[in-house]
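For reference, the structure discussed in these notes is given below.
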Amino acid sequence: MRSRKFVFRAGATLVAAAAAITAVTVGVQEQKATVASAGAETEAGITPQAAAVLQDRVAKLRSEQKLPGVIGMVRSGASTQYATAGYGDMFRRVPADPKAKFRIASNTKAFVATVLLQLEAEGKLSMNDTVDRWLPGLVAANGNDGRKITVRQLLNHTSGLPDYINNLRISGSYVADINPYKQWDPRTLVKAATSNKALSAPGAEYHYANTNYVLAGMIIQAATGRHPADEVRSRIIEPLGLTDTTFPKADPKLYGNWLHGYFTIRDISFSNVQVLGAAGAMVSTQEDLADFTRALASGRLLPPAQQREMQQVVSAKTPYGLGVIIAQTPCGMAWMHNGAALGYFSHWYTSPDGKQQAVVATNRYNMIPTKVDSEVIKAAQDSYCALKGK
């Protein structure tokens, strides 16, 4: 097994898909997608055509990719439409609930980037601060130099740092999921990354790496004295009323109403979150993700200067900003990101003004990129563009 291709390659998949937009099987009974509406203005806000596209893409994604379950939602203004196909619990044949919780994985990155930009607005740090300014001596091996890497370069993945998840000891332990309570100190993860040669000089090239956001979380803690999960909760989750969103620090369990996640046919819902940390440990729902991305894109969470910084992408070819992708789609510019963790893959879109959102998620992910990745992204894009009449 080659670890270089293993685990958390979704960020690279996302950027490739965004750029393109610009220019294991189990026998489960087939179910048609069902659609539910919410909001007093559903009829006016979301056309029957847009609702039909959402239903079609969710059903097709589930049947063609032989997935246990798929959920989707679109929102326009005060109107929300949900779709679901397949199962949230494959073995008990419990239908997938579009309002259920799931692991949002790398969608965590937008939350973490937002906190750091808020701290900059408060004068507590700068995007131009070096990693060494906050974590002296931590990144200092094999050409990886924290004295030359800035916070901004962490957030847009141009630090040149390798990804710790390509270390077979780490990825193998995570995927085996024998001990989901295993402790992973963030410094251990960073050291595993910097035991490899730097991929490029800081700022020279884009290389998606979870290492960047583990370091970002450590900088939040160094600047505030609090765990990044606590900062995300007090600054974003609680003010926005995201009651189904959590940032677990060590607990591998899911609570309440949640989708069971599968690795092939193994129920792997309870998995290690310490190996993900600020790079991807969060749990949420489609509705909460839509609420967060709406608030983020519409400017409710950041002052204008920091909002502009978040939107500064690496390049037109690599449209990664600070924790989000901002790229052209067939129906105009959109904000987006995705997340891949054991058993779960999701993708969201939001309009630049925050008025319209689309989210699609599935409850099987085997940690090796497959056609499922691009098909989830396409289903979300088609549903988003249908809101705009495209």
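Numbers at a glance
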item	result
Length gained when the stretch residue 185-residue 93 is fully extended (0.36 nm per residue, less Cα-Cα span)	29.3 nm
Separation of alpha-carbon centers, the stretch 315-340 and the stretch 209-247, rounded to whole Å	22 Å
Considering only the stretch 60-114, percent of DSSP beta bridges that pair antiparallel, nearest 5	100 percent
FRET efficiency, residue 315 to residue 388 (Cβ-Cβ, R0 35 Å, nearest 0.05)	0.85
About the Cα centre, charge dipole magnitude for the chain (Lys/Arg +1, Asp/Glu -1 at Cβ), debye	800 debye
Solvent exposure, largest accessible area first (probe 1.4 Å, DNA, RNA and ligands not counted), of 308, 57	308, 57
Pairs from 148/197; 355/390; 197/317; 182/249 whose Cα-Cα separation, in the structure shown, is over 20 Å	197/317
Pair-distance profile P(r), taking every C-alpha pair of the stretch 136-260, with 5 angstrom steps and integer %	2, 10, 17, 19, 18, 16, 11, 5, 2, 0
Area accessible to solvent at residue 134, 1.4 Å probe radius, in Å²	40 Å²
Rg/Rh (Cα only; Kirkwood hydrodynamic radius) as it applies to the chain	0.95
Highest average packing first - 47-55, 69-77, Cβ atoms within 10 Å	69-77, 47-55
Sequence-distant lysines (8 or more away, or on other chains) whose Cα lies within less than 18 Å of residue 66	32, 371, 378
Cubic angstrom per residue, convex hull over Cα atoms of the stretch 260-390	120 Å³
Fraction of accessible area attributable to carbon and sulfur, the chain (%, probe 1.4 Å)	52 percent
Packing rank of 244-254, 372-382, where each peptide gets the mean count of other beta carbons within 10 Å, highest leading	372-382, 244-254
Highest average packing first - 294-306, 276-288, Cβ atoms within 10 Å	276-288, 294-306
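The values are calculated or read from the model by the stated rules, or taken from the named source; none is laboratory data. These numbers come from a predicted model, not from an experiment. When we count neighbours, we look across all protein chains shown, and the Cβ atoms used for this are built from the backbone with ideal geometry, even at glycine. Keep in mind that these areas ignore ligands, DNA and RNA; they rest on the heavy atoms of the full protein, side chains included. Shrake-Rupley method; radii C 1.70, N 1.55, O 1.52, S 1.80 Å.
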